[in-house]
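Colleague: My structure is below; once you've seen it, I'll send some questions.
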Amino acid sequence: MKNQPIDKEITLVSQITQKSSQTLLEFLSGKFKYLSASEWEGRIAMGKVKVNDVQASSGQPLRAGDEVAYTTNSWEEPEVNPNYRVVFEDEALLVVSKPAPLPVHAIGAYFRNTLVQLLRRDRPEARDFHLVHRLDSETSGLLLLVKDAKYLKGLQKQWSGKTVQKTYQAMVFGQFQTEDLKVDAPIGKKKGSPVRMKLAVHGEEPKDSITEFKLLERKGNFSRLQVRPLTGRTHQIRVHLEHLGFPIVGDKLYSGNDETFLHFYDNDWDDWLKERVLLPRLALHAYRLEFPHPVSGERVVLEDPLSEDLSNFWNGL
């Protein structure tokens, strides 16, 4: 889906999928940083923001299941890959293979070019579907949704425990020497970084983070790894691999320094960036998912082959 100019006011919806202690203003200014808090406050006062189809106030508290709708002026969204695939579906669940780059839900400059909006375009009943977890825009692979909110809380609780197994493949810079490695290193906000969203091992207010790595193959100065995150921290795999000195190919944020991401922020994708990270997306793919079915309790095991672009990259080394 190419850059799309939106030349009239439209209403865009973002759903609160987890328990939240945020107010409406905190949610908007924290998630959509292209506007300041005062600018968001002005738009709320103008009646351009509604919660559950009702005009809202800045201090209104948000709850899981709330839908925040914003009527916005024209802008142009960045290009995405819209070619998702349905991997599994029954009366309770929908599992798709998400391509990259494609945001899961509205974030930053993305409102219409998201997986959630594509699903709602293709099947109107998807308006009532709920995301159980998320993948980064530049990560491809298996993503689980439930068709009824009554299944959501139980699955999300299992996601943070040990009953769900998530397995990824990652292609990294460097020759990974250890066949099997378990990293137990807490992750928090990176101290002193000009990039506000960047995290680091032993950062501020760190949270326990555990990841298992298994070497699958080496080619020259690159390695292909199987990765299992045992905890569910934001950017966990990327942070741990940067900490080990093996950043993921295509990772502009966790590439060993802040310069790469700041250059990308100012200049978008260019030859300078291509020379350093090689791919315009993360070489990270969620290829296996194992979890108990919320209705039958039976174990669901799903696999998604490595995406074509990543296979071509690895085979071409």
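The values are calculated or read from the model by the stated rules, or taken from the named source; none is laboratory data. From a predicted model like this one, the values you see are computed outputs, not experimental measurements. All Cβ positions, even for glycine, are placed from backbone atoms using ideal geometry, and neighbour counts span all protein chains on display.
Colleague: When you scan segment 181-206, how many residues do you find that are touching a helix residue (DSSP H, G or I) at 6+ places or on another chain (Cβ under 7 Å), modelled with pLDDT under 95 and either small (Gly, Ala, Ser) or assigned by TED's automatic domain parsing to the domain that holds residue 145 (or both)?
Modeller: Final tally of qualifying residues: 1.
Colleague: While we're here: Does residue 246 satisfy the criteria of being out of contact with any Gly (no Cβ under 8 Å at 6 or more places or on another chain), modelled with pLDDT of 90 or more and within 25 Å of residue 208 (Cα to Cα)?
Modeller: no
Colleague: Enumerate the strands (runs of 3 or more DSSP E) found wholly within segment 1-118, keeping only those where 3 or more residues are at pLDDT 70 or above.
Modeller: 49-51, 67-72, 85-89, 93-98
Colleague: On to the next question. (1) in contact (Cβ under 8 Å) with a residue 60 or more places away in the chain; (2) over 25 Å from residue 187 (Cα atoms); (3) aromatic (Phe, Trp, Tyr): which one isn't true of residue 261, the others all being true?
Modeller: Of the numbered conditions (1) in contact (Cβ under 8 Å) with a residue 60 or more places away in the chain; (2) over 25 Å from residue 187 (Cα atoms); (3) aromatic (Phe, Trp, Tyr), the odd one out for residue 261 is (2).
Colleague: Separate question: Return the residue satisfying two criteria in turn: it lies in segment 249-283 and is polar (S, T, N, Q) and part of a loop (DSSP other than H, G, I, E, B), and of such residues it is farthest from residue 209 (Cα to Cα).
Modeller: Filtering first and then ranking leaves 257.
Colleague: While we're looking at this one, here's another question. If you go through segment 153-180, how many residues are modelled with pLDDT of 95 or more, out of contact with any Leu (no Cβ under 8 Å at 6 or more places or on another chain) and surrounded by 14 or more Cβ atoms within 10 Å (Cβ to Cβ)?
Modeller: 2
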